[in-house]
Amino acid sequence: MECFTKSFTQQEPLPEAAIEAAVAVMRHGRLHRYNTVAGEVSETAQLELDFAAITGAHYALAMASGGTALACALRAIGVPDGAPVLTNAFTLAPVPGAIAAVGAVPVFVETTANLVMDLDDLAAKIDASGARYLMLSHMRGHIVDMDALMALCDAREVTVIEDCAHTMGAAWDGVPSGRHGRVGCYSTQTFKHVNSGEGGFLVTDDAEVMARAIILSGSYMLYESHRAAPPVETFARIRYETPNTSGRMDNLRAAILRPQLAALRPQCDAWNARYDRLTAALEGTQGLRLIPRPAKEAYVMSSFQASCPDFEAADMQSLVTAAAARGVELKWFGAAEPKGFTSRHDSWAYAPAQSLPKTDRVLAALIDMRLPLTFTLDDIDLVGRILREEVSRLVQAKAA
Ligand SMILES: *Cc1c(COP(=O)(O)O)cnc(C)c1O
(Lines give C-alpha, C1' and ligand atoms only; values in the text may rest on other atoms or scores of the structure.)
Protein backbone atom coordinates (compact mmCIF):
# COMPACT_ATOMS: atom_id res chain seq x y z
CA MET A 1 0.00 0.00 0.00
CA GLU A 2 1.38 3.39 -1.01
CA CYS A 3 2.03 5.95 1.73
CA PHE A 4 2.86 9.64 1.64
CA THR A 5 5.65 10.91 3.86
CA LYS A 6 5.94 14.68 3.35
CA SER A 7 4.76 17.28 5.88
CA PHE A 8 1.53 19.16 5.18
CA THR A 9 2.81 22.15 7.15
CA GLN A 10 6.24 22.62 5.53
CA GLN A 11 6.64 25.88 3.59
CA GLU A 12 9.20 26.58 0.93
CA PRO A 13 12.32 28.41 2.10
CA LEU A 14 12.15 32.16 1.57
CA PRO A 15 13.67 33.39 -1.71
CA GLU A 16 17.36 34.40 -1.55
CA ALA A 17 16.41 38.01 -2.32
CA ALA A 18 14.22 38.04 0.82
CA ILE A 19 17.02 36.61 2.94
CA GLU A 20 19.46 39.23 1.63
CA ALA A 21 16.96 42.03 2.23
CA ALA A 22 16.41 40.80 5.80
CA VAL A 23 20.14 40.72 6.47
CA ALA A 24 20.52 44.26 5.13
CA VAL A 25 17.84 45.52 7.55
CA MET A 26 19.47 43.66 10.43
CA ARG A 27 22.85 45.17 9.53
CA HIS A 28 21.58 48.75 9.63
CA GLY A 29 19.43 48.01 12.69
CA ARG A 30 16.54 50.35 11.90
CA LEU A 31 13.77 47.77 12.24
CA HIS A 32 11.07 50.19 13.37
CA ARG A 33 9.18 51.58 10.38
CA TYR A 34 9.53 55.17 11.58
CA ASN A 35 13.26 54.90 12.27
CA THR A 36 14.66 56.30 9.02
CA VAL A 37 17.64 58.42 8.00
CA ALA A 38 17.16 61.61 5.97
CA GLY A 39 15.65 60.86 2.57
CA GLU A 40 15.03 57.19 3.34
CA VAL A 41 11.66 55.58 2.57
CA SER A 42 11.38 52.65 4.97
CA GLU A 43 10.94 49.09 3.70
CA THR A 44 7.47 49.14 5.28
CA ALA A 45 6.40 52.29 3.43
CA GLN A 46 7.74 50.81 0.18
CA LEU A 47 5.94 47.55 0.83
CA GLU A 48 2.69 49.49 1.13
CA LEU A 49 3.33 51.11 -2.25
CA ASP A 50 3.99 47.67 -3.73
CA PHE A 51 0.77 46.27 -2.30
CA ALA A 52 -1.32 49.26 -3.39
CA ALA A 53 0.01 48.70 -6.92
CA ILE A 54 -0.81 44.98 -6.85
CA THR A 55 -4.38 45.51 -5.66
CA GLY A 56 -5.01 48.79 -7.49
CA ALA A 57 -6.06 50.38 -4.19
CA HIS A 58 -5.50 54.10 -3.57
CA TYR A 59 -4.17 53.36 -0.10
CA ALA A 60 -2.49 50.45 1.68
CA LEU A 61 -1.38 49.92 5.27
CA ALA A 62 0.88 47.10 6.45
CA MET A 63 0.00 45.73 9.87
CA ALA A 64 1.09 43.28 12.56
CA SER A 65 -1.38 40.55 11.51
CA GLY A 66 -4.44 39.82 9.43
CA GLY A 67 -6.61 39.78 12.53
CA THR A 68 -5.26 43.20 13.57
CA ALA A 69 -6.16 44.53 10.11
CA LEU A 70 -9.73 43.20 10.43
CA ALA A 71 -10.32 44.82 13.83
CA CYS A 72 -8.67 48.03 12.61
CA ALA A 73 -10.98 48.09 9.57
CA LEU A 74 -14.07 47.79 11.79
CA ARG A 75 -12.86 50.64 14.01
CA ALA A 76 -11.83 52.79 11.04
CA ILE A 77 -15.29 52.60 9.46
CA GLY A 78 -16.82 53.45 12.82
CA VAL A 79 -18.70 50.31 13.88
CA PRO A 80 -20.41 51.34 17.12
CA ASP A 81 -20.16 49.42 20.36
CA GLY A 82 -22.69 46.59 20.50
CA ALA A 83 -23.56 46.81 16.78
CA PRO A 84 -24.42 43.57 14.96
CA VAL A 85 -21.81 42.65 12.32
CA LEU A 86 -22.67 39.95 9.80
CA THR A 87 -20.04 37.39 8.93
CA ASN A 88 -19.62 33.87 7.57
CA ALA A 89 -20.54 30.99 9.85
CA PHE A 90 -17.68 29.10 8.18
CA THR A 91 -14.49 31.09 8.72
CA LEU A 92 -11.45 31.14 10.98
CA ALA A 93 -11.51 32.32 14.60
CA PRO A 94 -9.75 35.71 14.01
CA VAL A 95 -12.80 36.90 12.02
CA PRO A 96 -15.49 36.68 14.72
CA GLY A 97 -12.63 37.51 17.10
CA ALA A 98 -12.04 40.86 15.39
CA ILE A 99 -15.75 41.66 15.62
CA ALA A 100 -15.75 40.84 19.33
CA ALA A 101 -12.53 42.83 19.83
CA VAL A 102 -14.27 46.07 18.86
CA GLY A 103 -17.24 45.36 21.11
CA ALA A 104 -19.55 44.41 18.24
CA VAL A 105 -21.68 41.26 18.00
CA PRO A 106 -21.07 38.60 15.32
CA VAL A 107 -24.18 37.51 13.41
CA PHE A 108 -23.40 34.37 11.41
CA VAL A 109 -24.63 33.77 7.88
CA GLU A 110 -25.18 30.28 6.48
CA THR A 111 -22.83 28.48 4.09
CA THR A 112 -23.76 26.90 0.76
CA ALA A 113 -22.62 23.47 -0.42
CA ASN A 114 -20.06 25.37 -2.53
CA LEU A 115 -18.57 26.83 0.68
CA VAL A 116 -19.55 30.45 0.13
CA MET A 117 -21.92 32.75 1.98
CA ASP A 118 -25.60 31.92 1.41
CA LEU A 119 -27.00 35.13 -0.09
CA ASP A 120 -30.64 34.34 0.71
CA ASP A 121 -29.69 33.91 4.33
CA LEU A 122 -27.60 37.11 4.13
CA ALA A 123 -30.63 39.09 2.92
CA ALA A 124 -32.82 37.57 5.64
CA LYS A 125 -30.28 38.30 8.36
CA ILE A 126 -29.67 41.89 7.24
CA ASP A 127 -33.40 42.46 7.56
CA ALA A 128 -33.77 40.57 10.84
CA SER A 129 -30.72 42.07 12.61
CA GLY A 130 -30.70 45.54 11.10
CA ALA A 131 -26.92 45.13 10.69
CA ARG A 132 -25.16 47.87 8.70
CA TYR A 133 -21.86 45.98 8.34
CA LEU A 134 -20.72 42.76 6.73
CA MET A 135 -17.30 41.21 7.29
CA LEU A 136 -17.18 38.87 4.31
CA SER A 137 -14.65 36.05 4.65
CA HIS A 138 -13.44 34.39 1.45
CA MET A 139 -12.82 31.28 3.48
CA ARG A 140 -10.41 28.76 1.92
CA GLY A 141 -10.30 30.87 -1.23
CA HIS A 142 -13.91 30.31 -2.31
CA ILE A 143 -15.33 33.58 -3.65
CA VAL A 144 -19.08 34.19 -3.52
CA ASP A 145 -20.85 35.83 -6.50
CA MET A 146 -19.52 39.31 -5.76
CA ASP A 147 -21.87 41.01 -8.24
CA ALA A 148 -24.89 39.60 -6.42
CA LEU A 149 -23.42 40.20 -2.96
CA MET A 150 -22.49 43.83 -3.63
CA ALA A 151 -25.87 44.54 -5.27
CA LEU A 152 -27.61 43.17 -2.20
CA CYS A 153 -25.42 45.07 0.27
CA ASP A 154 -25.53 48.32 -1.70
CA ALA A 155 -29.33 48.18 -1.91
CA ARG A 156 -29.55 47.72 1.87
CA GLU A 157 -26.73 50.18 2.68
CA VAL A 158 -24.55 47.55 4.27
CA THR A 159 -20.82 48.38 4.34
CA VAL A 160 -18.65 45.44 3.25
CA ILE A 161 -15.22 44.60 4.66
CA GLU A 162 -13.48 41.72 2.91
CA ASP A 163 -11.37 39.16 4.73
CA CYS A 164 -8.93 38.11 2.00
CA ALA A 165 -6.64 35.97 4.16
CA HIS A 166 -7.08 33.18 1.59
CA THR A 167 -7.57 35.24 -1.57
CA MET A 168 -4.43 37.36 -1.97
CA GLY A 169 -3.85 37.22 -5.74
CA ALA A 170 -7.38 36.02 -6.54
CA ALA A 171 -10.08 37.98 -8.38
CA TRP A 172 -13.78 38.06 -9.23
CA ASP A 173 -14.61 39.10 -12.80
CA GLY A 174 -11.15 40.68 -13.15
CA VAL A 175 -11.39 42.76 -9.94
CA PRO A 176 -8.83 41.73 -7.30
CA SER A 177 -10.29 40.15 -4.18
CA GLY A 178 -10.50 42.83 -1.50
CA ARG A 179 -11.45 45.57 -3.96
CA HIS A 180 -15.22 45.13 -4.04
CA GLY A 181 -15.99 46.22 -0.49
CA ARG A 182 -15.05 49.43 1.36
CA VAL A 183 -11.99 47.81 2.91
CA GLY A 184 -9.95 44.69 2.07
CA CYS A 185 -7.84 42.90 4.69
CA TYR A 186 -5.09 40.34 4.04
CA SER A 187 -2.76 38.17 6.08
CA THR A 188 0.94 37.51 5.50
CA GLN A 189 1.05 34.84 8.18
CA THR A 190 3.08 31.71 7.40
CA PHE A 191 0.10 29.65 6.17
CA LYS A 192 -1.15 32.25 3.68
CA HIS A 193 0.03 33.28 0.20
CA VAL A 194 3.13 35.19 1.30
CA ASN A 195 5.09 34.39 4.44
CA SER A 196 6.45 36.84 7.01
CA GLY A 197 5.61 34.70 10.02
CA GLU A 198 3.01 37.24 11.08
CA GLY A 199 1.66 40.27 9.26
CA GLY A 200 -1.23 41.74 7.34
CA PHE A 201 -2.54 44.50 5.06
CA LEU A 202 -5.50 46.81 4.93
CA VAL A 203 -6.45 48.48 1.63
CA THR A 204 -9.13 51.03 0.76
CA ASP A 205 -9.93 53.90 -1.60
CA ASP A 206 -11.54 55.84 1.24
CA ALA A 207 -9.15 58.59 2.45
CA GLU A 208 -10.78 59.07 5.86
CA VAL A 209 -10.96 55.35 6.57
CA MET A 210 -7.26 55.02 5.72
CA ALA A 211 -6.29 58.06 7.80
CA ARG A 212 -8.08 56.56 10.81
CA ALA A 213 -6.52 53.13 10.12
CA ILE A 214 -3.02 54.64 10.01
CA ILE A 215 -3.52 56.43 13.34
CA LEU A 216 -5.12 53.30 14.85
CA SER A 217 -2.15 51.22 13.67
CA GLY A 218 0.15 53.20 15.94
CA SER A 219 1.65 55.92 13.72
CA TYR A 220 1.93 58.53 16.50
CA MET A 221 2.26 61.78 14.52
CA LEU A 222 4.58 60.22 11.96
CA TYR A 223 1.91 59.47 9.37
CA GLU A 224 3.56 61.85 6.90
CA SER A 225 6.23 59.22 6.22
CA HIS A 226 3.60 56.88 4.73
CA ARG A 227 3.56 56.78 0.93
CA ALA A 228 0.43 54.75 0.05
CA ALA A 229 -1.57 57.17 2.20
CA PRO A 230 -4.05 60.04 1.80
CA PRO A 231 -2.87 63.69 1.82
CA VAL A 232 -1.83 65.08 5.22
CA GLU A 233 -4.90 67.38 5.39
CA THR A 234 -7.03 64.25 5.82
CA PHE A 235 -5.41 63.70 9.22
CA ALA A 236 -6.15 67.20 10.55
CA ARG A 237 -8.96 66.19 12.94
CA ILE A 238 -8.54 62.43 12.74
CA ARG A 239 -5.11 62.48 14.38
CA TYR A 240 -6.58 63.90 17.59
CA GLU A 241 -9.80 61.90 17.60
CA THR A 242 -8.44 58.44 16.83
CA PRO A 243 -6.86 56.18 19.46
CA ASN A 244 -3.50 54.48 18.91
CA THR A 245 -4.22 50.75 19.10
CA SER A 246 -0.69 49.77 18.07
CA GLY A 247 -0.45 47.04 15.42
CA ARG A 248 2.40 48.05 13.13
CA MET A 249 4.44 46.11 10.58
CA ASP A 250 8.24 46.35 10.97
CA ASN A 251 11.00 46.77 8.38
CA LEU A 252 12.36 43.24 8.82
CA ARG A 253 9.10 41.62 7.84
CA ALA A 254 8.48 44.22 5.15
CA ALA A 255 11.91 43.44 3.68
CA ILE A 256 11.17 39.73 3.38
CA LEU A 257 7.71 40.38 1.96
CA ARG A 258 8.70 42.65 -0.91
CA PRO A 259 10.50 39.99 -3.00
CA GLN A 260 7.64 37.59 -2.24
CA LEU A 261 5.03 40.06 -3.48
CA ALA A 262 7.08 40.54 -6.63
CA ALA A 263 6.76 36.78 -7.21
CA LEU A 264 3.11 36.49 -6.14
CA ARG A 265 1.79 35.68 -9.63
CA PRO A 266 4.06 32.66 -10.34
CA GLN A 267 3.51 31.43 -6.77
CA CYS A 268 -0.26 31.58 -7.26
CA ASP A 269 0.14 29.69 -10.54
CA ALA A 270 2.17 27.04 -8.72
CA TRP A 271 -0.60 26.60 -6.13
CA ASN A 272 -3.25 26.33 -8.80
CA ALA A 273 -1.19 23.78 -10.73
CA ARG A 274 -1.31 21.59 -7.61
CA TYR A 275 -4.98 22.24 -6.93
CA ASP A 276 -6.01 21.58 -10.53
CA ARG A 277 -3.90 18.41 -10.63
CA LEU A 278 -5.54 17.07 -7.47
CA THR A 279 -8.99 18.02 -8.72
CA ALA A 280 -8.31 16.12 -11.96
CA ALA A 281 -7.03 13.10 -10.01
CA LEU A 282 -10.20 12.98 -7.89
CA GLU A 283 -12.72 13.73 -10.63
CA GLY A 284 -15.41 11.04 -10.79
CA THR A 285 -14.57 9.44 -7.42
CA GLN A 286 -17.82 7.92 -6.23
CA GLY A 287 -18.88 9.41 -2.89
CA LEU A 288 -16.73 12.51 -3.27
CA ARG A 289 -18.23 15.84 -4.35
CA LEU A 290 -15.77 18.37 -5.74
CA ILE A 291 -16.52 22.08 -5.37
CA PRO A 292 -17.56 23.63 -8.72
CA ARG A 293 -15.83 26.95 -9.52
CA PRO A 294 -17.73 29.81 -11.18
CA ALA A 295 -16.36 31.14 -14.48
CA LYS A 296 -15.93 34.68 -13.05
CA GLU A 297 -13.77 33.41 -10.18
CA ALA A 298 -9.98 33.57 -10.65
CA TYR A 299 -9.07 31.47 -7.63
CA VAL A 300 -5.75 30.87 -5.89
CA MET A 301 -5.98 27.58 -4.04
CA SER A 302 -3.36 26.82 -1.41
CA SER A 303 -5.68 24.19 0.06
CA PHE A 304 -8.23 21.69 -1.19
CA GLN A 305 -11.80 20.98 -0.09
CA ALA A 306 -14.35 18.38 -1.10
CA SER A 307 -17.35 16.83 0.56
CA CYS A 308 -18.65 13.34 1.20
CA PRO A 309 -22.39 14.04 1.25
CA ASP A 310 -23.42 10.44 1.96
CA PHE A 311 -20.98 9.87 4.83
CA GLU A 312 -22.06 9.92 8.43
CA ALA A 313 -19.87 11.19 11.26
CA ALA A 314 -18.41 7.72 11.87
CA ASP A 315 -17.52 7.39 8.15
CA MET A 316 -15.86 10.80 8.14
CA GLN A 317 -13.86 9.85 11.20
CA SER A 318 -12.84 6.57 9.50
CA LEU A 319 -11.76 8.44 6.39
CA VAL A 320 -9.62 10.89 8.39
CA THR A 321 -8.02 8.00 10.31
CA ALA A 322 -7.42 5.85 7.21
CA ALA A 323 -5.91 8.75 5.26
CA ALA A 324 -3.72 9.72 8.23
CA ALA A 325 -2.43 6.14 8.48
CA ARG A 326 -1.17 6.59 4.91
CA GLY A 327 0.36 10.01 5.62
CA VAL A 328 -2.44 12.19 4.23
CA GLU A 329 -3.54 14.86 6.70
CA LEU A 330 -7.20 15.77 6.36
CA LYS A 331 -9.06 18.27 8.51
CA TRP A 332 -12.65 17.60 9.39
CA PHE A 333 -14.79 20.23 11.09
CA GLY A 334 -17.49 17.81 12.24
CA ALA A 335 -15.67 16.29 15.23
CA ALA A 336 -17.20 16.85 18.67
CA GLU A 337 -14.18 18.90 19.80
CA PRO A 338 -12.63 21.39 17.35
CA LYS A 339 -8.93 20.63 16.86
CA GLY A 340 -6.00 22.89 15.98
CA PHE A 341 -7.34 25.91 14.11
CA THR A 342 -10.99 26.30 15.12
CA SER A 343 -13.40 27.05 12.32
CA ARG A 344 -16.69 26.14 13.91
CA HIS A 345 -19.21 28.71 15.03
CA ASP A 346 -20.25 26.76 18.13
CA SER A 347 -16.70 26.91 19.50
CA TRP A 348 -16.91 30.75 19.61
CA ALA A 349 -18.85 30.92 22.85
CA TYR A 350 -18.25 34.69 23.24
CA ALA A 351 -20.73 35.20 20.37
CA PRO A 352 -24.42 34.61 21.01
CA ALA A 353 -25.31 30.98 20.17
CA GLN A 354 -26.97 30.78 16.75
CA SER A 355 -28.75 28.05 14.87
CA LEU A 356 -26.98 27.33 11.55
CA PRO A 357 -28.25 23.93 10.41
CA LYS A 358 -27.14 24.36 6.79
CA THR A 359 -23.55 25.25 7.75
CA ASP A 360 -23.47 22.38 10.26
CA ARG A 361 -24.53 19.94 7.52
CA VAL A 362 -21.93 21.30 5.08
CA LEU A 363 -19.11 21.15 7.63
CA ALA A 364 -20.07 17.67 8.81
CA ALA A 365 -19.37 16.33 5.30
CA LEU A 366 -16.36 18.50 4.43
CA ILE A 367 -12.73 17.47 4.16
CA ASP A 368 -10.02 20.10 4.04
CA MET A 369 -6.36 19.66 3.15
CA ARG A 370 -3.36 21.95 2.80
CA LEU A 371 -1.41 21.99 -0.48
CA PRO A 372 2.02 23.39 0.39
CA LEU A 373 4.33 24.33 -2.48
CA THR A 374 6.87 21.85 -1.15
CA PHE A 375 4.64 19.14 -2.73
CA THR A 376 5.63 18.26 -6.30
CA LEU A 377 3.02 17.35 -8.89
CA ASP A 378 4.07 13.70 -8.41
CA ASP A 379 3.37 14.13 -4.69
CA ILE A 380 -0.07 15.48 -5.56
CA ASP A 381 -0.76 12.44 -7.76
CA LEU A 382 0.14 10.15 -4.86
CA VAL A 383 -2.05 12.08 -2.42
CA GLY A 384 -4.87 11.90 -4.98
CA ARG A 385 -4.51 8.13 -5.36
CA ILE A 386 -4.55 7.58 -1.60
CA LEU A 387 -7.61 9.76 -1.13
CA ARG A 388 -9.44 8.13 -4.00
CA GLU A 389 -8.69 4.64 -2.70
CA GLU A 390 -9.75 5.41 0.86
CA VAL A 391 -13.00 7.12 -0.15
CA SER A 392 -13.80 4.23 -2.50
CA ARG A 393 -13.01 1.66 0.17
CA LEU A 394 -15.47 3.33 2.55
CA VAL A 395 -18.14 3.68 -0.12
CA GLN A 396 -17.84 -0.04 -0.88
CA ALA A 397 -17.85 -0.99 2.79
CA LYS A 398 -21.05 1.00 3.29
CA ALA A 399 -22.71 -0.60 0.24
CA ALA A 400 -21.85 -4.13 1.42
C1 LIG B 1 -5.39 33.45 8.86
C2 LIG B 1 -6.73 34.04 8.73
C3 LIG B 1 -7.01 35.35 9.14
C4 LIG B 1 -6.02 36.29 9.79
O5 LIG B 1 -5.07 35.66 10.45
P6 LIG B 1 -3.77 36.25 11.17
O7 LIG B 1 -3.18 35.01 11.70
O8 LIG B 1 -4.27 37.18 12.21
O9 LIG B 1 -2.92 36.93 10.16
C10 LIG B 1 -8.28 35.84 8.89
N11 LIG B 1 -9.21 35.09 8.28
C12 LIG B 1 -8.99 33.84 7.88
C13 LIG B 1 -10.07 33.09 7.19
C14 LIG B 1 -7.74 33.26 8.11
O15 LIG B 1 -7.52 32.00 7.73
If ligands, DNA and RNA are left out, what is the accessible area of residue 282 with a 1.4 Å probe, given in Å² to the nearest 10? 0
So how far, in whole Å, is the C-alpha centre of region 24-40 from the one of region 222-278? 17
For the chain: accessible area per residue (Å², 1.4 Å): 40
Which aspartates and glutamates have a Cα less than 13 Å from the Cα of residue 296, not counting those fewer than 8 places away in the same chain? 145, 147, 173
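The values are calculated or read from the model by the stated rules, or taken from the named source; none is laboratory data. What you see is a predicted model, and the numbers here were worked out from it, not measured in a lab. Ligands, DNA and RNA are stripped out before the accessible areas are found, and what is left, the full protein with its side chains, is counted by its heavy atoms. Shrake-Rupley method; radii C 1.70, N 1.55, O 1.52, S 1.80 Å.
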